[in-house]
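A.B. asks: What follows is a single structure, and I will ask about it in a moment.
The values are calculated or read from the model by the stated rules, or taken from the named source; none is laboratory data. Just so you know, these numbers come straight off a predicted model, no measurement behind them. Cβ atoms come from the backbone with ideal geometry, glycine included; neighbour counts cover every protein chain shown.
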Amino acid sequence: MTAMKIRKLVTIVEETRREMGREISPPTRKAAALAVIENPFAGRYVEDLTPLMEFGEQLGGLLGERAVAALAIPPAAVHSYGKGAIVGERGELEHAAAILHPRLGAPLRRAVEKGAALVPSAKKMGAPGTPLDVPLGHKDAAYVRSHFDAMEVRLHDAPRADEILVAIVVTDSGRPLARVGGLTVDQIEGRDGLR
Amino acid sequence: MSSVTMRKLVLQIEEIRHEGGPPPARPPVRGAVLAVIDNPFAGRYVEDIQPFMALLRPLGRELAERLLAALGGEVDAYGKGAIVGALGEIEHGALWHAPGGWAMREVLGGAKAIVPSAKTVGPPGARLAVPITHKDASYVRSHFDAMEVGVPDAPRAGEMVLILVMARGGRVHARSGGLRAEEIEGRDGLR
């Protein structure tokens with residue numbers, strides 16, 4: 001089994017206290033946990049991406065727990081989540097898919113308790129400093145409109161050509177001044193992950 | 001201009017495990033805290049801007065305490081910076097020099113070296129490489145560094161982003177010689 005090599009771990013917390021001149025109380029908060037890892041398949045085509053799926057499983061727990069810890073809230077208090085990856089230029093978009101989709105979700109859901117909804121995701125190829133908008137949705141009901149959002153993250157020195165940047169974002173809130181209707185948090189049934 | 005109006009606060013912590021060389025036993029860390037505030041002087045020339053510095057002191061203190069706590073209370077280097085929105089002037093960013101530096105010295109219990117700084121005028125999303133040097137001796141070469149930061153939606157034209165940076169451990173594979181941290185005399189803030 002290929003061991004995952006982490007070069008860098010980063011957490012970013014954003015607190016919005018005012019929006020459009022109005023006080024947001026309590027502030028809305030988002031936390032991103034990022035890992036920069038070596039891409040073991042940079043520069044060559046490899047059919048079996050299982051090692052990257054295993055990396056995804058490790059990162060789901062590591063980054064999920066670090067993001068929740070950065071907000072200093074209990075797992076059940078997480079509102080929304082999202083995930084994403086940027087693959088350096090000697091890799092392949094499918095490498096991001098292997099990390100993000102098969103196995104990352106289960107440990108992430110343990111870190112936030114429940115998580116009935118799909119984890120929204122974004123992936124792209126990119127150079128160091130490339131920004132990624134990590135999409136966000138409510139963890140138990142994908143249709144909660146107040147929580148459709150995204151958090152932009154970037155690292156000036158990653159991903160290098162042989163690296164992959166992986167990001168998980170969690171929040172304790174929706175948009176600061178949500179007022180476009182739709183399903184609200186207090187209407188969540190939480191059975192099918194949608195409503 | 002009776003108080004500081006903050007729209008957003010961002011805290012970023014980095015743990016650097018290696019950069020292609022041998023991983024150190026203890027990874028260096030660095031962190032930045034960024035406050036997005038209204039620029040009370042946006043859009044006009046104001047001659048006497050210094051009263052705003054006093055208002056920035058409590059903000060500096062809050063930011064320095066949060067950053068130090070997020071880094072586990074142990075720090076050996078620092079820096080500061082400001083990004084002024086397009087309706088402001090670079091001089092408004094200079095108001096951060098005194099309160100930002102004072103605040104970090106307060107929470108660090110008396111750091112001797114000058115706090116290195118950078119500032120710019122820029123649009124939302126503008127990035128700033130905030131310089132970092134050792135907090136007790138500016139010449140410590142292993143700790144010359146910078147941390148690039150920015151906020152995607154700030155500064156808006158009438159805002160400023162005020163930034164503090166703290167770090168521990170220097171560059172991850174420092175090997176360019178010069179004064180070392182264990183050689184610090186600690187008298188003049190330089191060596």
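A.B. asks: Scan the range B:133-154 and report the pairs whose first residue is away from chain A (no Cβ under 14 Å) and whose second residue is of a type in the set (Phe, Trp, Tyr), with Cβ atoms within less than 8 Å and a gap of 6+ or a chain change.
C.D. replies: B:133/B:78; B:133/B:144; B:135/B:78
A.B. asks: Can you name the residue in the range A:45-91 that is in a strand (DSSP E or B) and small (Gly, Ala, Ser) and, of all such residues, is farthest from residue A:132 (Cα to Cα)?
C.D. replies: Restricting to residues being in a strand (DSSP E or B) and small (Gly, Ala, Ser), the top hit is A:80.
A.B. asks: Could you please find all residues in the range A:147-195 being of a type in the set (Lys, Arg), surrounded by 18 or more Cβ atoms within 10 Å (Cβ to Cβ) and within 23 Å of residue A:14 (Cα to Cα)?
C.D. replies: A:154, A:175
A.B. asks: Looking at (1) without any contact (Cβ under 8 Å) to a residue 40 or more places away in the chain; (2) closer than 30 Å to residue A:21 by Cβ, which is the only condition residue A:172 fails?
C.D. replies: It fails just one condition, (1).
A.B. asks: Would you check if residue A:141 is more than 30 Å from residue B:18 (Cβ to Cβ), in contact with a strand residue (DSSP E or B) (Cβ under 7 Å, 6 or more places away or on another chain) and modelled with pLDDT under 95?
C.D. replies: When the stated conditions are applied, residue A:141 passes them.
A.B. asks: Cβ-Cβ below 6 Å, separation at least six or inter-chain, first residue in the range B:26-52 and over 13 Å from residue B:160 (Cα atoms) and buried (at least 22 other Cβ atoms within 10 Å of the Cβ), second of a type in the set (Asp, Glu) and modelled with pLDDT of 95 or more: which pairs?
C.D. replies: That search, which allows pairs on different chains as well, returns B:30/B:14.
A.B. asks: Among what's in the range B:3-20 and is out of contact with any helix residue (DSSP H, G or I) (no Cβ under 6 Å at 6 or more places or on another chain) and assigned to a loop (DSSP other than H, G, I, E, B), pick the residue that is farthest from the other protein chains (Cβ to nearest Cβ).
C.D. replies: B:3
A.B. asks: Output the residues belonging to the range B:140-155 that are surrounded by fewer than 19 Cβ atoms within 10 Å (Cβ to Cβ), in a loop (DSSP other than H, G, I, E, B) and in contact with a Gly (Cβ under 7 Å, 6 or more places away or on another chain).
C.D. replies: B:152
A.B. asks: Further, regarding this structure: Provide a single number: the residues in the range A:2-50 that are among the polar types (S, T, N, Q) and at the interface with another protein chain (Cβ under 7 Å from one of its Cβ atoms).
C.D. replies: In the first step, residues of the range A:2-50 are kept if they are among the polar types (S, T, N, Q); the result is A:2, A:11, A:16, A:25, A:28, A:39, A:50.
Adding the requirement that they be at the interface with another protein chain (Cβ under 7 Å from one of its Cβ atoms) leaves A:11, A:16.
Residues meeting the conditions: 2.
A.B. asks: Taking the range B:147-191 as the region of interest, how many residues are at pLDDT 95 or above, touching a strand residue (DSSP E or B) at 6+ places or on another chain (Cβ under 8 Å) and among the small types (Gly, Ala, Ser)?
C.D. replies: Of the residues in the range B:147-191, 6 are at pLDDT 95 or above, touching a strand residue (DSSP E or B) at 6+ places or on another chain (Cβ under 8 Å) and among the small types (Gly, Ala, Ser).
A.B. asks: Follow-up. For the range B:117-134, give me each residue that is more than 22 Å from residue A:10 (Cβ to Cβ) and touching a Phe, Trp or Tyr at 6+ places or on another chain (Cβ under 9 Å).
C.D. replies: If the condition is that a residue be more than 22 Å from residue A:10 (Cβ to Cβ) and touching a Phe, Trp or Tyr at 6+ places or on another chain (Cβ under 9 Å), then B:117, B:119, B:134 are the ones that fit.
A.B. asks: Next question. Kindly indicate whether residue B:64 is away from every other protein chain (no Cβ under 14 Å), within 22 Å of residue A:32 (Cα to Cα) and small (Gly, Ala, Ser).
C.D. replies: Numbers: away from every other protein chain (no Cβ under 14 Å): yes; within 22 Å of residue A:32 (Cα to Cα): yes; small (Gly, Ala, Ser): yes.
Answer is yes for this residue.
A.B. asks: Residue A:113 is checked against (1) within 27 Å of residue A:76 (Cβ to Cβ); (2) acidic (Asp, Glu); (3) modelled with pLDDT of 95 or more and fails just one. What number does that condition carry?
C.D. replies: Going through the list (1) within 27 Å of residue A:76 (Cβ to Cβ); (2) acidic (Asp, Glu); (3) modelled with pLDDT of 95 or more, residue A:113 breaks only (3).
A.B. asks: Given the condition at pLDDT 95 or above and within 14 Å of another protein chain (Cβ to nearest Cβ), answer yes or no: does some residue in the range B:46-59 qualify?
C.D. replies: The answer is yes; a qualifying residue exists.
A.B. asks: Got a sec? Which of A:32, A:42 is in contact with an Asp or Glu (Cβ under 7 Å, 6 or more places away or on another chain), outside any helix (DSSP H, G or I), among the aliphatic types (A, V, I, L, M) and at pLDDT 95 or above?
C.D. replies: Testing whether each residue is in contact with an Asp or Glu (Cβ under 7 Å, 6 or more places away or on another chain), outside any helix (DSSP H, G or I), among the aliphatic types (A, V, I, L, M) and at pLDDT 95 or above leaves just A:42.
A.B. asks: Can you work out which of the residues in the range A:19-48 that are in contact (Cβ under 8 Å) with a residue 40 or more places away in the chain and of a type in the set (D, E, K, R) is farthest from residue A:93 (Cα to Cα)?
C.D. replies: A:22
A.B. asks: Do any strands (runs of 3 or more DSSP E) entirely within the range B:21-122 hold 3 or more residues that are closer than 25 Å to residue B:187 by Cα and within 16 Å of the chain's Cα centre (by Cα), and if so, which? Give the steps one after another, and end with the answer.
C.D. replies: On the way: elements: B:29-38, B:77-84, B:117-121.
So the answer is B:77-84.
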